[in-house]
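S.K.: One structure coming up, written as structure tokens, with questions to follow.
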Amino acid sequence: MSFDPHIYEDENTSEGLLSRLGKGITSALVRIGLSGTKTAVKILLGILAVLRFILTELWDIVLLALKVLMWLVKEFTDSLRGRSRKNRELQREVRKAAKLGEKEHREAVLRFAGSYLFGEGGVFYTAFNYALPIISAAFLIGVIRYGSGLEYGISVKYNGKEIGVISSQSDYDEAAREVKQRIAYAEDQKAVDMSAQFSLRIISDNDTVMNATQLANSMLEASDEELTQASGIYIDGNFVGAVKDPTAVQDALDEHLLNYKVEGNVRDISYKNNIEYTDGIYLASSVMEQQAAIDMLTSSTEKKGVYVAKMNDTPVTICQKYNMKLADLQKLNPGMKDEVKAGQIVNITETESYLPIQYIRDMESLTFLDYETIEVETSALNVGTRALLVKGSRGEKVSEVEISYIDGIEYSRKVLSSEITKKPVVEQIGIGTYSARPSGPETILAGNGLFGWPVDGGYISDPFISDRNHKGMDIAAPEGTSIYAAGDGVVLSAGWNSGGYGYVVMIGHEDGYQTVYGHMSDVVAVEGQVVTRGQLIGYVGTTGNSTGDHCHFEVRCNGICLNPADFLNTVDAFTDDTEEKDDKKKE
């Protein structure tokens, strides 16, 4: 096979690329078309299958209806055909009898008429078979319509006589309970028989359907007990007694509520229980004198109890919870102080009323918010040192509270709004991370610790002043030893000093303090840089007016040189080492 360069070139030209692209698009369109066609065919076949199913079911229904219709026609026509055959036979008999004589002919005609009218398949027989179901259905419908239009009730027969009609037996049960309540007040009262007989009957226009209260009155009237007309007192639906006139009782209850003593901003004061009066027939023994009823309903008793104090409780708040006077609380708890510890047992007095009084008090309460304590790593402290950086303090929150009381005892409270008036301050415990310290425990400095030991090791080779009016402290260490910033601040100057300090760094701190680090072999810090305590600023050397490797360290305040030893504290730097040595000795 020979190689044609023109064909190869044509395939790489734009025309060749377009040709291949067109073929690819055509092939893709063909595949898409075939896929779409297959999908459409499947959908069409599915629709045809559904239609076939529906038509098949409809056809089965039509066939069933035709079978039923054919059966009805067959039953009807068979009867007619049988009747026709019977008529033809009788007609033949009549014709034969006419030839025999007049008597035989008359008898044959009578047999024909009787069979035609009253025989099987005759007129009356057929009419009866078809008309009877229709008449029966019409009669049944009429009976149902008549019965549905009637009103039924339950006749109650009690103590041998009918006392009334009720709509359901539940009315009788309620009436029986009410009768028992009315007689329950008398302790020496014998039990009244509550058994009754029930029967269902149609309610006539002269009958009156009773409710439970009316039925209770009728039952009492039908009993052999001594009865009287009175007004029953019901507390939350329970009968507690009866009076002749409830007006005076209700007036006394209103006055009792009006004179109820409670301090503070109080609203919605009312009795906790629902009080109702029902006029009716009551046992004479259950009727009370008005004053006796008033004394009973307004009575209250006091009893001693204990209260377990909660957090933030005080004697005043406990008195508010139990509607007590502070003097009474202190009398029950001798030696009680202004503060009450959580969990402390406090003696209190509780009031229990026959009819408890409830009310709502709006108050403004102050609650304290506990502060959080966190540990913070800080280079302001030496490694192994812990110190209080920020003292925590509790926050305060003022809330508008709606407190609900029953008989002066708090049973629920709802916060309407609250506002934090003072945010809690987080307490910060510093964990020392500053690791620079003298090379040995013999270098002990007990200053205020405002600044940290500036060299990674070393010892004091020449103190402040000494015998040559020394302005700082010389800390001897090998050349290249790291020098750290003794405190947070800003680099005021960094570089060569022609006044004898050699390579030097000066850092400005708060409150007018400056620290100076001289005779460095190399400077890392740059002027204007913000540095933190323990940050690398250079290395020990002997540049400038120096006779050996050391760091000349100065502490200045407003330009006056101070003794660095007063600001350095290395006591805690060796605490861990000392403890380890002591542990080893013990071992």
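S.K.: Tell me the residue from Thr298, Thr351 that is under 30 Å from Asp251 (Cβ atoms), crowded, with 17+ Cβ neighbours inside 10 Å and of a type in the set (Val, Ile, Thr), please.
M.R.: Thr351
S.K.: Just checking, how many residues over the stretch 447-474 are more than 23 Å from Leu381 (Cα to Cα), touching a residue at least 24 places away in the same chain (Cβ under 8 Å) and among the small types (Gly, Ala, Ser)?
M.R.: Residues meeting the conditions: 1.
S.K.: Keeping to the stretch 436-472, report how many residues are among the small types (Gly, Ala, Ser) and within 60 Å of the chain's Cα centre (by Cα).
M.R.: Summing the residues that are among the small types (Gly, Ala, Ser) and within 60 Å of the chain's Cα centre (by Cα) in the stretch 436-472 gives 5.
S.K.: I want to confirm something. Restricting to the stretch 364-389 and keeping residues that are crowded, with 18+ Cβ neighbours inside 10 Å and not β-branched (Val, Ile, Thr), which single residue is farthest from the chain's Cα centre (by Cα)?
M.R.: Step by step, filter the stretch 364-389, then rank; the result is Asn382.
S.K.: Report those strands (runs of 3 or more DSSP E) wholly inside the stretch 456-521 carrying at least 3 residues which are surrounded by fewer than 19 Cβ atoms within 10 Å (Cβ to Cβ) and of a type outside the set (Asp, Glu).
M.R.: Counting at least 3 such residues, we get 489-497.
S.K.: Just for the stretch 395-411: of the residues that are out of contact with any helix residue (DSSP H, G or I) (no Cβ under 6 Å at 6 or more places or on another chain) and open to solvent by 30 Å² or more (accessible area, probe 1.4 Å), which one is nearest to Gln358 (Cα to Cα)?
M.R.: Selected residue: Ile406.
S.K.: Continuing with the same structure: Out of Gly452, Gly392, Gly447, which single residue is touching a helix residue (DSSP H, G or I) at 6+ places or on another chain (Cβ under 8 Å) and buried (at least 16 other Cβ atoms within 10 Å of the Cβ)?
M.R.: Answer to the check: Gly447.
S.K.: Moving on. Would you point out which residue out of Ala309, Ala284 is farther than 30 Å from Ala327 by Cα, aliphatic (A, V, I, L, M) and open to solvent by less than 90 Å² (accessible area, probe 1.4 Å)?
M.R.: Ala284
S.K.: Are there any pairs with C-beta distances below 6 angstrom linking a residue in the stretch 354-365 that is under 9 Å from Ile406 (Cα atoms) to a residue that is modelled with pLDDT of 90 or more and in a loop (DSSP other than H, G, I, E, B), with the two at least 6 apart or on different chains, and if so which?
M.R.: Pro356/Lys272; Gln358/Lys272
S.K.: Filtering the stretch 234-261 down to residues that are under 29 Å from Arg361 (Cβ atoms) and surrounded by 13 or more Cβ atoms within 10 Å (Cβ to Cβ), which residue is modelled with the lowest pLDDT?
M.R.: Tyr260
S.K.: Inside the stretch 415-446, can you point out the residues that are in contact (Cβ under 8 Å) with a residue 40 or more places away in the chain, closer than 19 Å to Cys551 by Cα, in a loop (DSSP other than H, G, I, E, B) and touching a strand residue (DSSP E or B) at 6+ places or on another chain (Cβ under 8 Å)?
M.R.: Ser435, Ala436, Arg437, Pro438, Thr443, Leu445, listed by residue number.
S.K.: Of (1) modelled with pLDDT under 70; (2) farther than 30 Å from Arg111 by Cα, Leu44 satisfies all except one. Which?
M.R.: (1)
S.K.: Which condition breaks for Glu151 when tested against (1) in contact with a strand residue (DSSP E or B) (Cβ under 9 Å, 6 or more places away or on another chain); (2) open to solvent by 90 Å² or more (accessible area, probe 1.4 Å); (3) at pLDDT 70 or above?
M.R.: Of the numbered conditions (1) in contact with a strand residue (DSSP E or B) (Cβ under 9 Å, 6 or more places away or on another chain); (2) open to solvent by 90 Å² or more (accessible area, probe 1.4 Å); (3) at pLDDT 70 or above, the odd one out for Glu151 is (3).
S.K.: What single numbered condition from (1) closer than 30 Å to Leu257 by Cα; (2) open to solvent by 80 Å² or more (accessible area, probe 1.4 Å); (3) in contact with a Lys or Arg (Cβ under 9 Å, 6 or more places away or on another chain) fails to hold for Lys414?
M.R.: So Lys414 meets the others, but not (3).
S.K.: Would you confirm whether any residue within the stretch 356-363 is of a type in the set (Lys, Arg), open to solvent by less than 60 Å² (accessible area, probe 1.4 Å) and more than 28 Å from Gln535 (Cβ to Cβ)? Lay out the reasoning, then the answer.
M.R.: To start, the set of residues in the stretch 356-363 that are of a type in the set (Lys, Arg) comprises 361.
Applying the additional criterion that residues be open to solvent by less than 60 Å² (accessible area, probe 1.4 Å) yields 361.
Then keep just the ones that are more than 28 Å from Gln535 (Cβ to Cβ); that gives 361.
Yes, some residue in the stretch 356-363 is of a type in the set (Lys, Arg), open to solvent by less than 60 Å² (accessible area, probe 1.4 Å) and more than 28 Å from Gln535 (Cβ to Cβ).
S.K.: Checking Tyr322 against (1) at pLDDT below 85; (2) under 30 Å from Val571 (Cβ atoms); (3) open to solvent by less than 60 Å² (accessible area, probe 1.4 Å): exactly one of these is not met. Which one?
M.R.: (2)
The values are calculated or read from the model by the stated rules, or taken from the named source; none is laboratory data. For clarity, every value in this text was computed on a predicted model and none was experimentally measured. Here the Cβ is made from the backbone with ideal geometry for all residues, glycine too, and neighbour counts use every protein chain on show. Quick note on the areas: whole protein, heavy atoms, side chains included, nothing else; ligands and nucleic acids left out. Shrake-Rupley method; radii C 1.70, N 1.55, O 1.52, S 1.80 Å.
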